[in-house]
1. Can you pull out every residue in segment 6-48 that is under 18 Å from Gly85 (Cβ atoms), without any contact (Cβ under 8 Å) to a residue 40 or more places away in the chain, in a loop (DSSP other than H, G, I, E, B) and touching a Gly at 6+ places or on another chain (Cβ under 8 Å)?
2. Take the residues in segment 48-58 that are at pLDDT 95 or above and surrounded by fewer than 18 Cβ atoms within 10 Å (Cβ to Cβ); name whichever of them is nearest to Arg89 (Cα to Cα).
3. Filter segment 49-58 down to the residues that are closer than 16 Å to Thr27 by Cβ and part of a loop (DSSP other than H, G, I, E, B) and list them by number.
4. Which residues, counting only those in segment 59-89, are surrounded by 13 or more Cβ atoms within 10 Å (Cβ to Cβ), outside any loop (DSSP other than H, G, I, E, B) and not hydrophobic (A, V, I, L, M, F, W, C)?
Amino acid sequence: MTREAFIDILDEKRYSYRIEGNKIVVTSRMGVNLDSLTSLPPGVEFKNGGSVNLKLLTGGWFYDWKGNIEGIDEKRLLNKMIKDGVFER
């Protein structure tokens with residue numbers, strides 16, 4: 001997925017975000033439902049609010065993902081996975 005396509009989806013769903021250099025920082029205070037995405041572009045970071053639903057990538061809401069590690073914030077883990085390119089295609 002391209003950065004532009006990802007931004008279009010955020011705009012369509014009215015999720016707040018800001019651009020910081022090469023990063024798209026999603027700042028929505030509510031849960032972010034991106035259940036139909038099959039990839040994420042590099043440089044995405046999630047902050048604030050509820051969890052993220054990446055149904056086709058992780059099976060649903062990220063807080064329920066079986067790969068979460070006790071003691072590590074779910075968004076910190078998600079952002080690290082994005083940074084490492086786990087969800088790029």
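The values are calculated or read from the model by the stated rules, or taken from the named source; none is laboratory data. Just so we're clear, the structure is a prediction, and the values are computed from it rather than from any experiment. Cβ coordinates were reconstructed from backbone atoms using ideal geometry, including for glycine residues, and neighbour counts include every protein chain displayed.
1. Within segment 6-48, Asn22 is the sole residue that qualifies.
2. Looking at residues that are at pLDDT 95 or above and surrounded by fewer than 18 Cβ atoms within 10 Å (Cβ to Cβ), I get Leu56.
3. Gly49, Gly50, Ser51
4. Tyr63, Glu74, Lys75, Asn79, Lys83 - these are the residues of segment 59-89 that are surrounded by 13 or more Cβ atoms within 10 Å (Cβ to Cβ), outside any loop (DSSP other than H, G, I, E, B) and not hydrophobic (A, V, I, L, M, F, W, C).
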